[in-house]
Amino acid sequence: MAEKTVTVEQIGSPIRREARQRQTLIGLGLNKLHRTRTLPDTPATRGMIEAVKHLVRVVEK
């Protein structure tokens with residue numbers, strides 16, 4: 001059975017954000033605008049996305 005994945009794209013800049021939010025973006029593998037990353041759809045990943053939901057967008061495929 002195929003593992004579920006989620007694709008996220010960074011749409012906001014981490015400039016003038018808390019260090020915790022910048023580190024969360026780095027943990028998601030994002031560090032520049034409009035970069036996308038396909039990650040496993042786990043509760044940990046969803047929690048990280050929720051923490052920076054104003055800086056990322058979930059891309060539907």
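Tabulated data for the structure shown
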item	result
Pick from segment 38-51, criterion open to solvent by 50 Å² or more (accessible area, probe 1.4 Å) and among the hydrophobic types (A, V, I, L, M, F, W, C), ranking: farthest from the chain's Cα centre (by Cα)	44
Positions within segment 6-37 being open to solvent by 60 Å² or more (accessible area, probe 1.4 Å) and in a helix (DSSP H, G or I), in sequence order	20, 22, 23, 26
Boolean, residue 3 is open to solvent by 90 Å² or more (accessible area, probe 1.4 Å), at negative phi, acidic (Asp, Glu) and part of a loop (DSSP other than H, G, I, E, B)	yes
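The values are calculated or read from the model by the stated rules, or taken from the named source; none is laboratory data. Predicted, not measured: the structure shown is a model, and the values here were computed from it. Note: accessible area is taken over every heavy atom of the protein model, side chains too, but ligands, DNA and RNA are not part of it. Shrake-Rupley method; radii C 1.70, N 1.55, O 1.52, S 1.80 Å.
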